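Engineer: Mind having a look at this structure? Questions to follow.
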């Protein structure tokens, strides 16, 4: 077997192994995940995308899914509603909060980190996901927090 063919075959199977589909002859489908239990997308994006056994969850803020209205409140209140919205999309995609392997947390004020973290910890008790937390200049609807996530089974 020549070097080019070995590299081509290896590169074809690496993404399948990463997605947990060893030996699969075709790529998994990319499926949009949507639920009325989370706020409707306010732009050209999906609430979630399922690709094989991986679910990519779009960033959520504190929007009431019943009214699609932003809910102002303390960082603790906004964190809880944001995580409830993420949970709804995860469930719609056949996952749970326990399946979340990575989150990205965007805070308007990094000084809110400890308060956010206290609420966040109640959602991820056993084997919490990897996480990046950063302060940003501004979030949609002037929210205090936005969280996106990746889940996998």
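Read the figures in this text as sums done on the coordinates, not as results from a lab. Treat the numbers as computed from the prediction; the structure is a model and nothing was measured. Glycine also receives a Cβ, built like all others from the backbone with ideal geometry; neighbour counts cover every protein chain displayed.
Engineer: Most exposed first by the Cβ proxy, i.e. fewest other Cβ within 10 Å, how do 145, 75 rank?
Structural biologist: If I rank by nearby Cβ atoms, fewest first, I get 75, 145.
Engineer: How many nm is it between the label spots at residue 127 and residue 40, if each spot is 7 Å from the Cα in line with the beta carbon?
Structural biologist: Output for this residue pair reads 3.7 nm.
Engineer: Ok, one more. If you average the C-alpha positions of the range 42-62 and of the range 89-145 separately, how far apart do those two centres end up, in angstrom?
Structural biologist: If we compute the Cα centre of each part, the gap is 14 Å.
Engineer: Taking the Cβ of each residue in 134, 91, 119 as the centre, tally the other Cβ atoms inside 10 Å and list the residues starting with the fewest.
Structural biologist: 134, 91, 119
Engineer: Could I have the simple spin-label model distance between residue 111 and residue 74, label points 7 Å from Cα toward Cβ, reported in nm to one decimal?
Structural biologist: That separation, rounded to one decimal, is 1.6 nm.
Engineer: Ranked by Cβ crowding within 10 angstrom, fewest neighbours first, how are 26, 133 ordered?
Structural biologist: 26, 133
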